[in-house]
1. For segment 113-140, how many residues are under 18 Å from Ala54 (Cα atoms) and either aliphatic (A, V, I, L, M) or at pLDDT below 80 (or both)?
2. So His79 ticks every box in (1) out of contact with any His (no Cβ under 9 Å at 6 or more places or on another chain); (2) part of a loop (DSSP other than H, G, I, E, B) but one. Which box is left unticked?
3. With the requirement that a residue be more than 20 Å from Ala129 (Cβ to Cβ), small (Gly, Ala, Ser) and surrounded by 18 or more Cβ atoms within 10 Å (Cβ to Cβ), what does segment 19-47 give you?
4. Limited to segment 79-112, what total is found for residues that are touching a strand residue (DSSP E or B) at 6+ places or on another chain (Cβ under 8 Å) and at pLDDT 85 or above?
5. If I go through segment 36-59 residue by residue, how many of them are among the hydroxyl-bearing types (Ser, Thr, Tyr), under 20 Å from Leu78 (Cα atoms) and part of a loop (DSSP other than H, G, I, E, B)?
6. Given the structure, is Gly8 within 16 Å of the chain's Cα centre (by Cα), in contact (Cβ under 8 Å) with a residue 12 or more places away in the chain and over 30 Å from Glu132 (Cβ atoms)?
7. Would you tally the residues in segment 1-21 being part of a loop (DSSP other than H, G, I, E, B) and touching a Leu at 6+ places or on another chain (Cβ under 8 Å)?
8. Hey, any hits in segment 62-78 for a residue that's at pLDDT below 80 and farther than 18 Å from Asp119 by Cα?
Amino acid sequence: MLYDNEVGVVAENVIPSNRVVGNDFVANDRHATAGTGPLRIYTHDGRGNYWAGAYDMAGTAATLDRAYSPTDAVDRRLHRTDAAVTLSAAPSVRGVRALRGTTPGFRKASIVDLAPLRDPANPGLLASARNETEPGGAPA
């Protein structure tokens, strides 16, 4: 769980070799940043991570029907401002994302979760972290 940090995770390895799944990214200023390197996929066997702010329009499955990129200029603000949700649904933004995803050389170093979780992967840990950091909260 990556909770209440300035940056949740910094991906700087040139050859991504870690599986990053089943984590909760909550209350971070930025959930993740990526340095130079390839696109990093934070999904394995159809399961990703929980990203506070990630959404889909009307799904009911355990994973969202919309990929989430914590390094995208719009997605990285979803947990900070409601306006980002509206902007992320704009046809022009969706078009630019589609173009970047299909055009070699147009995609910058980034992170994408193809199957973000609808609910926290570790609800007990998250509840404990919230209790320890909230004003007046009792330690777990």
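1. 5
2. Failed condition: (1).
3. Ala34
4. 4
5. Count: 3.
6. On the way: within 16 Å of the chain's Cα centre (by Cα): yes; in contact (Cβ under 8 Å) with a residue 12 or more places away in the chain: yes; over 30 Å from Glu132 (Cβ atoms): no.
No.
7. If we filter segment 1-21 for residues that are part of a loop (DSSP other than H, G, I, E, B), which is where we start, we get 1, 4-6, 12-21.
From the residues that got through so far, the ones that are touching a Leu at 6+ places or on another chain (Cβ under 8 Å) too are 1.
The total comes to 1.
8. The answer is no, given that none of the residues of segment 62-78 is at pLDDT below 80 and farther than 18 Å from Asp119 by Cα.
The values are calculated or read from the model by the stated rules, or taken from the named source; none is laboratory data. The model shown is predicted, which means the values in this text are computed figures rather than measured ones. All Cβ positions, even for glycine, are placed from backbone atoms using ideal geometry, and neighbour counts span all protein chains on display.
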